[in-house]
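Engineer: Attaching a single structure in structure tokens format; questions to follow.
No lab work stands behind these numbers, since they all come straight from the coordinates. Because the structure is a prediction, the values reported are computed rather than measured. Don't worry about glycine lacking a Cβ; one is built from the backbone with ideal geometry, like all the others, and counts go over all protein chains shown.
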Amino acid sequence: MAIAPASRDLPRIKLDLTSDEIVVLPSVIRDVVHPYSDKREGGIKIRCYAYEEVFGEKVRALGERARPRDLYDVINLYRHNDFQPTPSAILDVLRRKCAFKNIQVPTFDTIKTFFDELAGDWVAMLGHQLPALPPLNSFWDVLPEFFAWLAGGARPVMPAAYPLAGGEAVLRPTLGTIAVPGAFASALEIIRFAAANRLIVEIDYVKENGEHTTREIEAYSLRSTQAGHVVLHAFDMNRNDHRSYRTERIRGARATARTFVPRYAIELTPSGPQNAPSIARAPANIGSVARRTPVRAPARPHNGLTYVFQCPVCSKKFERRNYDATLRPHKNPGGWNCPGRTGFYVGTK
């Protein structure tokens, strides 16, 4: 349904309404990312699907209509290692959604019959929506692994992060909020897009002597240093070695269509247990990097259910009367303070 304002000077508002969908999990309250100067005090909040609901709905949509954007979204959600629900939680949502629609729970065998259709629509449906279009096979080839994991199989071991140097801290600002003096924020966002999609990226870089160069890299991590700089850790394809690049010297970036297999954990996703440091803790010349603070949903009358969330860092489980993934300060099995503050949904009792 479309609702158009009376005045032509106002933007047209379009609402998509549906009455044939089941919402399995309680909705959650999240912050709307608004990195501009006119952000109102207290921020903007919106009610939205739980992460597990989004994941299950996307898998359901992939099995039912097999459009390129569904495949793209499912694999990106699967690759999001920093906030990964248990497969049983997603499978429970998926089964209930498929039962409501009276359709079969999708498997790789049921989806592979759509390959030719996906291949034919890949460029037409996604090419205009992304800075660079990854090849179809870089997503399609992950599907068997994904469905094996969803059915309870072991997830392949992820590579470890590149070791932190003394005084380094990982920066994970929210999408659209990168603010580094002297750096081109748009270039850093393109680099982050390329890393998330396992694409090699070309960067225009100014060396210390003023020479302009072009580097082909695999991007892995954005970090602050003890000296107060912000650096991009990457693997330089030309030098066949790990390198770090001062972000204020990056003058541009272009994602290529060439893929890579990660050598290290990709730490450029904006969410997860590691948050960007607050302004008070950041070195003075890093710039303003906002901390993502988990938002608690308003209290609801207890419905008799107990929701179980698990810390992604230390694996400790927490029981909640409401669907609230915020974790209180706690210690890991070794007795040290755990940095995990947002859990993932495990199940319901």
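Engineer: So for the pair MET125, ALA151, with labels modelled 7 Å out along Cα→Cβ, what separation do we get in nm?
Structural biologist: With each label placed 7 Å out from Cα toward Cβ, I get 2.4 nm.
Engineer: In terms of Cα to Cα distance under 20 Å, which aspartates and glutamates are near enough to LYS207, apart from those fewer than 8 places away along the same chain?
Structural biologist: Correct list for LYS207: GLU216, GLU218, ASP236, ASP241, GLU248.
Engineer: If you don't mind, there's one more thing I want to ask. Of THR256, THR113, how do they rank once you tally other Cβ atoms within 10 Å and put the fewest first? Could you put the intermediate results ahead of the total?
Structural biologist: Details: THR256 14, THR113 9.
Lowest to highest Cβ neighbour count: THR113, THR256.
Engineer: If you count, for each residue, the other Cβ atoms within 10 Å and average over each peptide, how do 86-94, 130-138 line up from highest to lowest?
Structural biologist: Details: 86-94: 20.6, 130-138: 16.0.
Descending mean neighbour count gives 86-94, 130-138.
Engineer: What full-extension length gain, to one decimal in nm, is calculated for GLU117 and ARG69 as 0.36 nm per residue of separation minus the Cα-Cα distance?
Structural biologist: Working: separation 48, 0.36 × 48 = 17.28 nm, distance 1.27 nm.
Between GLU117 and ARG69, full extension yields 16.0 nm more.
Engineer: Tell me, SER37, SER315 in order of fewest to most beta-carbon neighbours within 10 Å?
Structural biologist: Details: SER37 5, SER315 11.
Placing the least packed residue first, the sequence is SER37, SER315.
Engineer: Then there is this: Over 30 Å between C-alpha atoms is what I'm after, so list which of LYS39/LYS97; LYS97/LYS331; LYS39/LYS349; LYS97/LYS317; LYS101/LYS316 land there.
Structural biologist: In this structure, LYS39/LYS97; LYS97/LYS331; LYS39/LYS349; LYS101/LYS316 lie more than 30 Å apart at Cα.
Engineer: Continuing with the same structure: For segment 198-258, state which trypsin sites (Lys or Arg not before Pro) are in a DSSP loop and have at most 12 other beta carbons lying within 10 Å of their beta carbon.
Structural biologist: LYS207, ARG239
Engineer: What nm value, rounded to one decimal, do you get for the distance between HIS330 and ASN102 when each label is placed 7 Å out toward the C-beta?
Structural biologist: 4.3
Engineer: Would you order PHE146, PHE260, PHE115 from fewest to most other beta-carbon atoms within 10 Å of each residue's own beta-carbon? List each step's numbers first, then the result.
Structural biologist: Numbers: PHE146 21, PHE260 18, PHE115 13.
By the 10 Å Cβ count, ascending: PHE115, PHE260, PHE146.
Engineer: ASP241 versus ALA160, label points 7 Å from Cα toward the beta carbon: distance in nm?
Structural biologist: In this crude label model, ASP241 to ALA160 measures out at 2.2 nm.
Engineer: Among 148-154, 321-327, how do they line up from the highest to the lowest mean number of other beta-carbon atoms within 10 Å?
Structural biologist: Working: 148-154: 13.7, 321-327: 18.9.
Per-residue Cβ counts within 10 Å, averaged per peptide and sorted highest first, yield 321-327, 148-154.
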